[in-house]
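To start, the structure under review is shown below, and the notes come after it.
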Amino acid sequence: MTKPAAPTPTSHSHRRRFGRAQQELVQDTYRLRAKPVEPTVCPQCSAVFQDGRWRWGAKPAGAHEEKCPACHRISDQHPAGLVTLHGDFVASHEAEIRALLRHQEEAEKREHPLNRIMAIEREGDALVVKTTDIHLPRRIGDAVRHAFHGKLDSHYDEQGYFVRVNWRRES
Ligand SMILES: [Zn+2]
């Protein structure tokens, strides 16, 4: 009887290093992408880059076209933040919760065009909210706790490029 070959420690650590390098590379493409020429308009959401920031407004004459960072993340399906809502309460109050999520997004996006919800997905009993930025998850978490109580915690990655917020309420 032959034993299957155990994976060598070398191959394992190689895989891990590769994974981390890949992740850093992806994050850097969002962070370090060159600032667009002014004025630039996003062909997808019509946000305008002017005076050093993305804002909502009329398309300036002769504007360049380039996708904004939020639309880049949406088409890459690469969220900057995740809010996971757990517990029995979520299923029994899903409509109210979704309305609150959308309301928070609208309020945030009005001032900060790059802060958006890219998806709200059901994963088993949980509701997972994916965002294009690291600020909206915190805002959503605070609003959900304020409205429905429950237990909230947030985790930022070491470099602050990714945030994960968890909320839980049973019944
Ligand atoms: Zn856009």
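FYI, it's all coordinate maths here, none of it is from the lab. As the structure is a prediction and not an experimental result, all values here were calculated from the model. Every residue, glycine among them, receives a Cβ derived from its backbone with ideal geometry; neighbour counts consider all protein chains shown.
Using 1/(1 + (r/R0)^6) with R0 = 30 angstrom and r between the beta carbons of GLU123 and GLU66, what's the FRET efficiency to the nearest 0.05?
Values: r = 33 Å, r/R0 = 1.11.
That pair, GLU123 with GLU66, gives E of 0.35.
Report the label-to-label distance for TYR30 and SER154 in nanometres (one decimal), using points 7 Å from each Cα along the Cα→Cβ vector.
1.6
Residue-wise, which Karplus ³J(HN,Hα) couplings in Hz belong to the stretch 41-50, taking 6.51 cos²θ - 1.76 cosθ + 1.60, θ = phi - 60°, and x for glycine or proline?
10, 7, x, 8, 10, 6, 5, 10, 9, 8
Considering only C-alpha atoms, what is the centroid distance from the stretch 74-92 to the stretch 115-171, in Å?
If we compute the Cα centre of each part, the gap is 6 Å.
For MET118, list long-range residues whose amide hydrogen, built 1.01 Å from N in the peptide plane, is under 5 Å from its own amide hydrogen.
Distant-sequence amide H within range of MET118: LYS130, THR131, THR132.
All other residues with a Cβ under 12 Å from the Cβ of GLU105 taken together, and with Lys, Arg as +1 and Asp, Glu as -1, what is their net charge?
Working: positive: ARG98, ARG102, LYS109, ARG110, ARG116, LYS130, ARG139; negative: GLU106, GLU108, GLU111, ASP133.
Result for the local shell: +3.
Have a look at GLY150, THR131, VAL165 and report the one farthest towards the positive end of the charge dipole of the stretch 120-171, computed about the Cα centre with Cβ charges (Lys/Arg +1, Asp/Glu -1).
Highest projection toward the positive end goes to GLY150.
Quick query: amide H of PHE162 versus all other amide H atoms, modeled in the peptide plane; which residues come in under 5 Å with a sequence gap of 5 or more or a different chain?
ASP157
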